[in-house]
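See structure below.
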Amino acid sequence: QAQLVESGGGLVQPGGSLRLSCAASGFTFSTYTMSWYRQAPGKEREWVAEITSGGRTDYAGSLKGRFTISRDNAKKMVYLQMRSLKVEDTAIYYCNAQWGVNYWGKGTLVTVSS
């Protein structure tokens with residue numbers, strides 16, 4: 001049974017950093033494109049970043065340069081390093097795995113506030 005479990009969310013001040021983690025199990029992790037999405041209060045879920053099985057990365061334009069996605073296939077983990085956080089980065093962050101089918105985690109809450 002496929003499972004994605006996010007962790008690392010919390011409260012951080014504007015300008016701070018946070019690293020999110022996503023632990024995968026129950027599927028062939030190395031073959032999947034892994035992504036992070038987020039959903040802010042009152043808004044639709046939006047794509048944040050992705051990393052392919054080959055390690056190619058892509059980011060939402062507004063986040064490029066502040067967020068870094070990475071993966072460790074041996075550990076079946078995907079990470080999102082977030083820097084220079086802004087109040088508008090406040091959201092629930094979701095991990096996604098895609099390779100024909102989509103798997104989702106339950107999310108981890110990131111709150112950026114002073």
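The values are calculated or read from the model by the stated rules, or taken from the named source; none is laboratory data. Predicted model, so just to flag it, every value in this text is computed and none were measured. We place every Cβ from the backbone using ideal geometry, glycine too, and count neighbours over all the protein chains shown. All accessible areas refer to the heavy atoms of the entire protein, side chains included, with ligands and DNA or RNA removed. Shrake-Rupley method; radii C 1.70, N 1.55, O 1.52, S 1.80 Å.
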Residue-level accessible surface for residue 37, protein heavy atoms, 1.4 Å, Å²: 50
Ignoring ligands, DNA and RNA, what accessible area per residue does the chain give at 1.4 Å, in Å²? 53
Accessible-area composition of the range 1-50, carbon plus sulfur, in percent [1.4 Å probe]: 44
Total formal charge among the other residues, if their Cβ is under 14 angstrom from that of residue 105, Lys/Arg +1 and Asp/Glu -1: +3
Length-normalised contact order for the chain - Cα pairs under 8 Å, 6+ apart - percent: 37
Distances over 21 Å make up what percent of all Cα-Cα pairs in the chain? 30
Dipole in debye (nearest 20) - the range 42-97, about Cα centre, beta carbon charges: Lys, Arg +1; Asp, Glu -1: 180
Quick check for me: using +1 on Lys/Arg Cβ and -1 on Asp/Glu Cβ, what's the dipole size of the chain about its Cα centre, in debye to the nearest 20? 180
